[in-house]
Structures are given as C-alpha cells and as structure tokens.
1. Looking at (1) touching a residue at least 12 places away in the same chain (Cβ under 8 Å); (2) within 28 Å of residue 118 (Cβ to Cβ), which is the only condition residue 243 fails?
2. Which one of these is assigned by TED's automatic domain parsing to the domain that holds residue 471 and under 23 Å from residue 383 (Cβ atoms): 331, 312?
3. When segment 306-316 is examined, which residues are found to be of a type outside the set (A, V, I, L, M) and either under 14 Å from residue 277 (Cβ atoms) or under 20 Å from the mean Cα position of the chain (by Cα) (or both)?
4. Only residues that are of a type in the set (Ser, Thr, Tyr) and out of contact with any Ser or Thr (no Cβ under 6 Å at 6 or more places or on another chain): list them for segment 291-345, please.
5. Among the residues that make up segment 40-49, is at least one of them modelled with pLDDT of 95 or more, more than 18 Å from residue 199 (Cα to Cα) and either of a type in the set (A, V, I, L, M) or surrounded by fewer than 21 Cβ atoms within 10 Å (Cβ to Cβ) (or both)?
6. From the set of residues in segment 210-252 that are among the β-branched types (Val, Ile, Thr) and not in a strand (DSSP E or B), which is nearest to residue 199 (Cα to Cα)?
7. Test residue 182 against the criterion of being more than 22 Å from the chain's Cα centre (by Cα) and closer than 19 Å to residue 94 by Cβ, and give yes or no.
8. Could you please find all residues in segment 349-379 being closer than 25 Å to residue 308 by Cα and part of a loop (DSSP other than H, G, I, E, B)?
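The values are calculated or read from the model by the stated rules, or taken from the named source; none is laboratory data. On a predicted model such as this, the values are computed, not experimentally measured, just so you know. Here the Cβ positions follow ideal geometry from the backbone for every residue, glycine too, while neighbour counts run over all protein chains shown.
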Amino acid sequence: MRMRATEWCLVAVLAVCVCCAASMASTFRIALGTTPSTLDVHCTWELAARQLGVHVFETLVTYDDEFRVIPQLAESWRISDDRLLYAFTLREGVPFHTGEELTAADVVTSIERFRRISPGRGRLRLVSDVRQTDRYTLEVELSEPCPLLTRLATPDPFLAIYPASVASETDDPIPAAALVGTGPYEIAAIEDDGSVRLTRFEDYRCDQRFPGPTGLGGKRQPSTAQLMFVWGETQMDRLDGVMVGYYDYGGILPVIKADDLREIQSVAVHVVHPSYAPVIEINHRMPPGNCLGFRQAVVAALDMERILQEITYETSGFYRAQPGLFFPEQTMWHTSVGIDAYLRYEPQELVEWLASSNFGSQPVVLIASDHFWSRCCAAEVARQLESCGVCVEVVIMNRQAQLARIAEGADWHLAINWMGVEFDPMDITDRVTTGRVAANGYSSEDVDAMVDRLRFDRLTEERRSALADLQQRVWEDIPFIRIGDFFGLEATASWMQGYTAFCDSPRFWTCTNR
C-alpha cells in the first residue's frame, strides 16, 4: 500500500537527519520489488532473490563487465581435446561464512543439487557426471560438447556454491537462516517485516587476481558494514522513499519520473542498460501465426520506434531501436544483420495480405500482462495493426495467467512478452527450436541445424557466424518479434560513490560513502 503524502512528509523530516549524516552511514537501505518466495537461489528465477544472492554467494565462474567468463571460486581449468571433460582447480583458503574452507566436495554437491532441483537445470542437461578428484579439484564430464563455462556462469538461476553439509540436507528450498556462502556479505537477520539484513563478512577472501570489481566478480572489497534489503514496495513507494532520503537505493522505478529525480540534488539517477527487450510472441500452432506471409506483413506494419516510445512514456534515453538478439553492449555476440527487415516500414503489405487471405475479419487475440509497460505495448501494437484493417482483441491478465495461456497454446494469436539479458547464444535457442515450449509451435529444420552449429564449448568465429545466420533467419522467418531495447531506471543517494549496476543486478560491494 502506498504511504499517504502526510506520512512521507513525516519520513522526510527524519530523512533530513539521515542525509546530514550520510558520510557516516554504515547501512544502505535498499528498496527492491516483489518479495521473493525463497532466498535459495538454486530454486528460483525470482529477480529479487538473485539481486540479494550475488552479495552472499559465489560460483565457479562468472561474468565480467564485458560479458566474458572469468574465474571466481575456480583458480583454473583444463579442457580435454575432445571437449568432453573439464577439470577445475579451486582457489585454496576460501572460507564460507561459517569458517569452513571451500573444497571440491562443496562444489560437486552444489552442482548436483542444482541439476536435480533448479528450474534452470536444463542448461546442464549435457552434463553426465560431476566428481571430486582431490580436495581442491573436480571434473565435469559431458555427454557431448557444449559451452559449459557459460552454462555455469549464467546467474539466472544462480548456481551458488553452498557447503556440502547445507546442499545435501534437502532438495526443498533452504530456509534463509541456514543459507551460507563465500560472498562479501552474509545473512545476519530476517526482520519481522520480511526485510533481510546482510552484514559484511569480515573474513571474506578478496580475489586479488583482478585490479578491481568487474561484472559479478573480480576484486570485490565491500566497505559498507550492512545492507538492508526491503521487499514488496510499489514502484511509487520506492520512488517516494528515494526522493525523501528514506531509501539509499530504489530499483525498477517508473522511467517517466527520471527527469523529476534529476532535479533532486540528493539523488543520483542511473539508466540501466542492457536491461530488457519487449517481444511479440507468435502462436504458430494456428492461423494466422502459422502463415509466413502474415508474420512478415506484421513486421512490415510495425513502427518499432513508436512502440518503444509508448513503453517508455517517450522519455529520452530509455529505449533503443535495434535488430540484435543481443544488446550492443554484448560486443562478442551483438550483430546488426537483419536490420533491413527490422526497419522496413510498409504497412500496405498487411492490408494486402488481409485482402488476399481467408482470415478476413476474424479477431487476432493479443494477450498482455497487467504490468503497465505491457499494457502500453499491447495498446500501441493493436493500434498499428488496426490501422491496417486487422481486428484486434486485446486481453489483459495477470502475469502468471498470461504465461499459463501462452504455454497452453490456445485462445491467443500474439502475446506481449519480454527477454532479459541472455549470456550465450544457447540461451535464446529455446524460442526457435522444434518441440520447445518457448517456440510456441514454431518448427524449421534449417533453423534447428543452425542451432546445432551453436553447440560449441568456446567462443569461436564459427559460433559468431552461426549466430549471425540465425539472426538473419529470425528476421526472415519471424518465429517471434524482438521490438528493441528497453532500459531500466534506478536511483541512489548522491553520496553513494562508485555505484553501478550489471544488467538488472545492483552491486553494492562497489559502493563507498563520500
């Protein structure tokens, strides 16, 4: 529930004292979104759990600021000539929050638990065995070559390394009070209101191999004594709380308020990119989605930039029209192939397709979630299609109901969805691979063959070439429509030095007080 204006005024009076003592602050108050159902990051896709989890847990390998795989708990690794066996050597002397030393047994037990229970276990489906070879080494065996390092590093869900004693205890979500990691902060308390207090782990083993923090790893040197994560606030509550100084950080804020925030001297505004990509899913199981002519005509009828403007309330700096399956910041994977099809604006093609088809005046059912940006996107897509003569029925529902409707494959033709930041080309292939739920009935032997070309275990020019070919085919065959890039808005207290986000994960280990 939103606080009344008078309540925020009372908070503001108290915040004056907070702001005056900012340089002495030892606790950051962090306002995030929906309360996570669990903090056991093996078990959930939930963003809030991961945003907290990256401060508490670590994994074998992670990503740097350039989206390259870097070691974290791993000291080094070797790969066999046939690319089927990875041998990892761990850093020695890394303590868990309990004081126990990290060993290969902890890593093996954590990976095996993730493979059993995680909703993201499919990314390790080609792992056939994980075994300890001595105290600090382990081997991961594959049934066929795959990009294992990116599979281990992908943070969603997060393959955190727990002590073997914790990871072997249960396949149910581990209670927050029992969760233990090797990260720069440890869980200190779960407050009565559900907020979570983290305290700096004084025995944290900083990774000296790096000159500073990078991505989700590197040399992480936390200076702030405590982090207080607060859940369940609405966008406007987070916004108001940051504006009056009650919160030191507010995430997922309404972008329409960016200019208002910039007028406040005590607040620093952060545009988060890469962030999200709005997508139009297509139901290929039924007409008209199973007709290539319809799909191509829809793309030609859409003004992508106008849709992005509607989603972002026409706020400058919060969208980017571009055809890539990856964001331009992901330089190793981004390409602009297919840009001609993406930019081609010929709405008359859809008018002509309707005139020549048997679909006639039947309504195209467009489903969207009740998130504001999704409703705005659906309204603008519907307006543009209707201007070409398409009868569009927009159906708004809650997010879970929408996802269930999409998966069932009935009673919809188009759906507004989104893609987050994907870390490897294999992460986007479910949308185009025959038989996968996310493909919504799409099937192409040629595209399946392109996906097979991406199944290599290292970054090579062949993988780059295969991805470029796949992206070109996506804009020719239209399994789905990626509208463009949509950036997020965050705000911090202006005295927080060094804050940056990595995708949608705030990083408070980089922050100091002025």
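1. (2)
2. Details: 331 fails: under 23 Å from residue 383 (Cβ atoms).
When all the criteria are applied, what remains is 312.
3. Step one: filter segment 306-316 for residues of a type outside the set (A, V, I, L, M), giving 306, 309-310, 312-316.
Of everything in segment 306-316, just one residue is of a type outside the set (A, V, I, L, M) and either under 14 Å from residue 277 (Cβ atoms) or under 20 Å from the mean Cα position of the chain (by Cα) (or both), namely 312.
4. Narrowing segment 291-345 to residues of a type in the set (Ser, Thr, Tyr): 312-313, 315-316, 319, 331, 335-336, 342, 345.
Scanning segment 291-345 gives 312, 313, 315, 316, 331, 335, 336, 342, 345.
5. yes
6. Step one: list which residues in segment 210-252 are among the β-branched types (Val, Ile, Thr), which gives 214, 224, 230, 234, 242, 244, 252.
Next cut, not in a strand (DSSP E or B) only: 224, 234, 242, 244, 252.
Numbers: 224: 9, 234: 26, 242: 22, 244: 25, 252: 24 Å.
Per the criteria, the residue is 224.
7. Working: more than 22 Å from the chain's Cα centre (by Cα): yes; closer than 19 Å to residue 94 by Cβ: yes.
Answer is yes for this residue.
8. Selection gives 363, 370, 371.
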